[in-house]
Structures are given as structure tokens and as C-alpha cells.
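Below you'll find the structure, written out as C-alpha cells, and then a few comments.
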Amino acid sequence: MIIPDPISTLRFHLPAMPTPISRTVAVIGAGAAGLSAALELRREGHSVVVYERGNDLGGTWVYTPETESDPAGLDPKRNIVHTSLYASLRTNLPREAMGFREYPFVSTDKPGRDSRRFPGHKEVLEYLKDYAAEFQLSELVRFGSDVRYVGMVEGSKWMVKSTNKNNGDNHDEIYDVVVVCNGHYSEPRLAEIPGIDKWSGKQIHSHNYRIPEPLQDQIVVLIGSSASATDISRDISKVAKEVHIASRSDQIGLLGKLPGHDNIWLHSMINSVHKDGIVAFQDGNEVPADVILHCTGYKYHFPFLETNGIVTVDDNRVGPLYKHIFPPALAPWLSFVGLPWKVAPFPLFEYQTKWIAGVLSGRILLPSTEEMMADTEAFYSSLEASGIPKRYTHNLSDYQFEYNDWLANKIGCMPSEEWRKQMYDATSDRRRTAPETYRDQWQDEHLIALAHEDFKKYIPAATQ
């Protein structure tokens, strides 16, 4: 990948960081990442405006039964729906490990709340609303503001152009800094399947899956092995005639009918599909499918962002980014929160946003542009040498806590709690070995006790 020369690309010089001063900051998105950014930026004395397209905070945790006009997400002119939640979704992490460190996600006796350790999506949204209320963050959010353009202007500033979806008014405003927190669960990524252009069946991406009833008595081929793929396959098996899971996972030795289920089969990946509806798998089996349901992840998508080619998305790598956050040529005036995946997201957001806020105030220093670029290029080279595809650049599954602890060291705060690390690992193991029951049966009560003891150090309101 060719990295544009920042000196020749930009028409202005990015300034050196002066004595600590309040910055004007535009935060794009009022999901969990955007709320964390708003809190930490304000704590550092910056002036913050959070742009939120919807009329409620919570980002992807705002459930809507509405789906897109193209269920596969192929039509660029389709109506865009932000959320990817399905009605039956429960968290795949326990609330103790999932919540913000400084605002524990504990059960509450408030009416209508979900007290389960692995609650449904409505409880997560309520938790985020509690978080916003506790820290008075809603006053910083402009709801119904659709950001159409973010780009550089003379004088080291950023132009943010937005439209108020409720009254149609357009706004052009200048900021010192932009922090991108728009999430990465709204632009579907589809599997490449030989023959799909002539296949006669229907395609759906999990982004547009809500309830199983439309698949009543259908033969469904589901592609994927993620937690959502596991959940959705069980959900649709209640009504579908047959469910066939095509996966690249390490479960090849378990091919065939899934134990405990009469209508779910596990296959290797799809070899090809045909115009008569047949789906042929690499294991030699064939089925006459009605639907292919892609549980195949998402693309990073920043349609509003113009950086003159400095930041690109190449095979789902957003780069070049120093530590998945700062483009070296534009740091610290542009940053991204929440790109890493296969992580416990909320604690990671806290570490990232604390670092961003501290850097902007001058309390924390970044390396030089050249040093950040060299570090980033060395990271990319290490991935390539290890045979890791570019699209897995932001997959932190093997080292998320090392990453968090590196940030903690830069920030000057405590590293990840040992109980949180152990709880995350224990849950991951249980999710693999007992996907049907791990949310309601566990053996880590000692870690729960440690977590609740730790929570006493934080905001009392979160435990009421």
C-alpha cells in the first residue's frame, strides 16, 4: 500500500502541540465509543459536540425492526439501517467483563430491567442511557444530525457538514479536532461464492436479520462461525425446515448433523452454487437451498471522511493508523475509536479515549510523525510475515489486554484487572465448548466476587 507524502498532500502544516489548551472537538457517533469520547474529552477541558444520526443515543444497541430494502446489502442506493441487532440477541460477554471500568455494568432493581448476567440488548441500551445520565452526556449530543462531510481546511482545521434529519437544515462548522466513533456494524461484508450471480435463491446478510419467522419451512444455508452465526442458526432452526452451516472454523472433524439438533448440519465452506438452487459444499454434500444467510462480518465505512488519500480502507484495514487510532500524518487532529474487534469493547473504548483526550490537551505526548509511521509499518510487516491477512489487521483477539495495558501505561492509569482477563478467557472457552448453555451456566463465581469487590472503588450510582 502506498502511503501519500503528508507534506505534498496537505496544503498546510500541522502545528506542534502547544501548552495545554481547550480544543473544539467533533465526535462522530453517540454509541458507546462516542459517549466515552465525550466524557474523556470534556474531563480534559475540551469543548465537545457529538453528532448522532439517530434520535437516540446508543449506536448499534438501538434496536429497530426496520431492515434495509436490499437484505443482502448489495445495492448502494438501499436505505441504510445502522443497527445489526436481532430480536433475541443476548450479550456474549458477562456484564461484569463487558461494562466500562469506571461505571460497572451491574444489575439494577429498576422496573423493567433485565437482571441476567448475559442480558438482552435492551438492557445494554438502558445501561448506556444510565451512563450518559450519570455523566450528563446527552447535553453534548446533537440528535438527528447526519454528517455528510468531514474534511481538512486551511489553518489546520476540520470542516464538518451535517444535515438535521428532522428539519432539513444544513450546518457547516469548523473544529480543531475530529474523533470518529461511527461504529463498524452497518456495512455488510459478503462471502465470495462461485456461481452466485446465477443462483436462483435469496441472499440475506445478518445485518438485516431480526426474527426467524420469515424463514418458516425454508432450507437455509448460513455462512459463518462467529458468535452471532451460532445464535442465529439456533434461532432460525425453530422455524426453518433445515439449517446448513458452512464454516471455515476448526470444527471440520465435527461435520454432519449437530448433536442435540434435528435440523442443523455443519459443513465445510461452499464450493459453488447453481441456478437450480443447489448449494454444493467442499465436503461433497449438496442441498437445494432457499436462502443463503451471510453471517460474515462487516466493512469499515467512512463515507463522510475526506483525507486526500492519507487514510484509506484497503481490504478492511483502516490505515495507516498508529495503534489503531491516529493517522501519523494527521495526528492528533484526527483519530478513530473502536476499530479493534474480537475484544471487550467498552473497556477498550475507555483506554483509547483517555489517551486521545490526554494527547489533545498536551498532557500526554505522541512520538514524532516519522516514529509513528515507522512503528505502524513495522506492525503491518509483522502481520504479513506471520501470514495474517490484511483484513485481520484490527483483530485483537490474541492481545487485547496487552494493548489495553500499553494504553494504560501511556495514560498513567491502572492496567486491566486480572479478574477481567480471566473472566473473558473463561467465557470464551465456555462459548466454544457449550454454545447452548454458557450464558446461563458458569463456574467463575470467584471471579464475580472479585469483580464486585473491585466495583466498590467506582461510581456508587452504578451499583444501586
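The values are calculated or read from the model by the stated rules, or taken from the named source; none is laboratory data. Everything quoted here is computed from the prediction, not taken from an experiment. Here the Cβ positions follow ideal geometry from the backbone for every residue, glycine too, while neighbour counts run over all protein chains shown. Each accessible area value is taken on the protein alone, full model and side chains, heavy atoms only, with ligands, DNA and RNA left out. Shrake-Rupley method; radii C 1.70, N 1.55, O 1.52, S 1.80 Å.
Only one of these is assigned to a helix (DSSP H, G or I), touching a strand residue (DSSP E or B) at 6+ places or on another chain (Cβ under 9 Å) and open to solvent by 70 Å² or more (accessible area, probe 1.4 Å): ARG391, ARG432. Name it. Before the answer, list the steps.
Values: ARG432 fails: touching a strand residue (DSSP E or B) at 6+ places or on another chain (Cβ under 9 Å).
Criteria check complete, one pass: ARG391.
Can you say whether GLY151 is on the phi > 0 side of the Ramachandran plot, open to solvent by less than 50 Å² (accessible area, probe 1.4 Å) and either outside any strand (DSSP E or B) or touching a residue at least 24 places away in the same chain (Cβ under 8 Å) (or both), as far as the supplied structure shows?
Numbers: on the phi > 0 side of the Ramachandran plot: no; open to solvent by less than 50 Å² (accessible area, probe 1.4 Å): yes; either outside any strand (DSSP E or B) or touching a residue at least 24 places away in the same chain (Cβ under 8 Å) (or both): yes.
No, not satisfied.
What single numbered condition from (1) open to solvent by 20 Å² or more (accessible area, probe 1.4 Å); (2) in contact with a strand residue (DSSP E or B) (Cβ under 8 Å, 6 or more places away or on another chain); (3) within 17 Å of TRP199 (Cα to Cα) fails to hold for LYS241?
It fails just one condition, (3).
Looking at VAL279, VAL359 in this structure, which one is open to solvent by less than 30 Å² (accessible area, probe 1.4 Å) and more than 20 Å from HIS46 (Cα to Cα)? Talk me through it step by step, then tell me what you get.
Numbers: VAL359 fails: more than 20 Å from HIS46 (Cα to Cα).
Exactly one residue qualifies, and that residue is VAL279.
Within the bounds of region 362-369, is there any residue that is buried (at least 19 other Cβ atoms within 10 Å of the Cβ) and either in contact (Cβ under 8 Å) with a residue 40 or more places away in the chain or part of a helix (DSSP H, G or I) (or both)? Steps first, answer last, please.
Within region 362-369, the first condition is being buried (at least 19 other Cβ atoms within 10 Å of the Cβ), and the residues that meet it are none.
Taking every residue of region 362-369 in turn, none turns out to be buried (at least 19 other Cβ atoms within 10 Å of the Cβ) and either in contact (Cβ under 8 Å) with a residue 40 or more places away in the chain or part of a helix (DSSP H, G or I) (or both).
Looking at region 282-307, which of its residues are open to solvent by less than 20 Å² (accessible area, probe 1.4 Å) and closer than 23 Å to ARG391 by Cβ?
Residues of region 282-307 that are open to solvent by less than 20 Å² (accessible area, probe 1.4 Å), as a first pass: 287, 289, 291-295, 300, 304, 307.
ILE292, LEU293, HIS294, CYS295, TYR300, PHE304, THR307, listed by residue number.
Evaluate the following for LEU450: is it open to solvent by 60 Å² or more (accessible area, probe 1.4 Å) and among the hydrophobic types (A, V, I, L, M, F, W, C)?
Numbers: open to solvent by 60 Å² or more (accessible area, probe 1.4 Å): yes; among the hydrophobic types (A, V, I, L, M, F, W, C): yes.
The answer is yes for LEU450.
For region 34-79, which positions are open to solvent by 40 Å² or more (accessible area, probe 1.4 Å) and under 23 Å from ASP172 (Cα atoms)?
Within region 34-79, ARG42, SER47, ARG53, ASN55, ASP56 meet the criteria.
State all residues of region 403-424 that are surrounded by fewer than 13 Cβ atoms within 10 Å (Cβ to Cβ) and in a helix (DSSP H, G or I); if no residue qualifies, say none.
As a first pass, look at region 403-424 and keep what is surrounded by fewer than 13 Cβ atoms within 10 Å (Cβ to Cβ): 409, 412, 414, 418.
Residues satisfying the conditions are ASN409, GLU418.
What is the number of the single condition among (1) assigned to a loop (DSSP other than H, G, I, E, B); (2) touching a residue at least 24 places away in the same chain (Cβ under 8 Å) that ASP146 does not meet?
For ASP146, the failing item is (1).
Any chance region 239-248 includes a residue that's farther than 19 Å from ALA87 by Cα, within 28 Å of the chain's Cα centre (by Cα) and part of a loop (DSSP other than H, G, I, E, B)?
yes
Please identify the pairs in which a residue from region 428-444 that is touching a residue at least 24 places away in the same chain (Cβ under 8 Å) has its Cβ atom under 6 Å from the Cβ atom of a residue that is buried (at least 16 other Cβ atoms within 10 Å of the Cβ) and part of a loop (DSSP other than H, G, I, E, B), counting only partners at least 6 apart or on another chain.
Correct list of pairs: ARG431/TYR438; ARG439/PHE118.
Yes/no per residue for (1) among the small types (Gly, Ala, Ser); (2) touching a helix residue (DSSP H, G or I) at 6+ places or on another chain (Cβ under 8 Å); (3) modelled with pLDDT of 95 or more; (4) open to solvent by 20 Å² or more (accessible area, probe 1.4 Å):
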site: PHE143; (1), (2), (3), (4): no, no, yes, yes
site: TRP158; (1), (2), (3), (4): no, no, yes, no
site: SER162; (1), (2), (3), (4): yes, no, yes, no
site: LEU190; (1), (2), (3), (4): no, no, no, yes
site: ASP197; (1), (2), (3), (4): no, no, no, yes
site: LEU222; (1), (2), (3), (4): no, yes, yes, no
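Would you check if there is a residue in region 75-92 being in a helix (DSSP H, G or I) and in contact with a Ser or Thr (Cβ under 9 Å, 6 or more places away or on another chain)?
We begin by selecting, within region 75-92, every residue in a helix (DSSP H, G or I); these are none.
No, because not a single residue in region 75-92 is in a helix (DSSP H, G or I) and in contact with a Ser or Thr (Cβ under 9 Å, 6 or more places away or on another chain).
Can you tell me which residues in region 110-124 are over 14 Å from ALA344 (Cβ atoms) and touching a residue at least 40 places away in the same chain (Cβ under 8 Å)? Break it down into steps so the answer makes sense when it comes.
Keep residues of region 110-124 that are over 14 Å from ALA344 (Cβ atoms), which gives 110-117, 119-123.
If the condition is that a residue be over 14 Å from ALA344 (Cβ atoms) and touching a residue at least 40 places away in the same chain (Cβ under 8 Å), then ARG116, ARG117, HIS121, LYS122 are the ones that fit.
I'm checking my understanding of the structure. Among residues of region 370-388 that are surrounded by 15 or more Cβ atoms within 10 Å (Cβ to Cβ) and either without any contact (Cβ under 8 Å) to a residue 12 or more places away in the chain or among the polar types (S, T, N, Q) (or both), which one is farthest from VAL337 (Cα to Cα)?
So the residue we want is LEU383.
Condition first: of a type in the set (Gly, Ala, Ser) and free of Cβ contacts under 8 Å to residues at least 40 places away in the same chain. Now tell me which residues in region 49-81 satisfy that. So that I can check it myself, show each step before the final result.
Taking region 49-81 as the starting set, the residues that turn out to be of a type in the set (Gly, Ala, Ser) are 54, 58-59, 69, 72-73.
Correct list: SER69 only.
Would you call ARG248 within 30 Å of THR307 (Cβ to Cβ), surrounded by fewer than 22 Cβ atoms within 10 Å (Cβ to Cβ) and at pLDDT below 95?
Considered against the rule, which asks whether it is within 30 Å of THR307 (Cβ to Cβ), surrounded by fewer than 22 Cβ atoms within 10 Å (Cβ to Cβ) and at pLDDT below 95, ARG248 comes out as no.
Please give the number of the condition LYS457 fails out of (1) assigned to a loop (DSSP other than H, G, I, E, B); (2) without any contact (Cβ under 8 Å) to a residue 24 or more places away in the chain; (3) within 22 Å of PRO345 (Cα to Cα); (4) open to solvent by less than 80 Å² (accessible area, probe 1.4 Å).
That leaves (4) as the condition not met.
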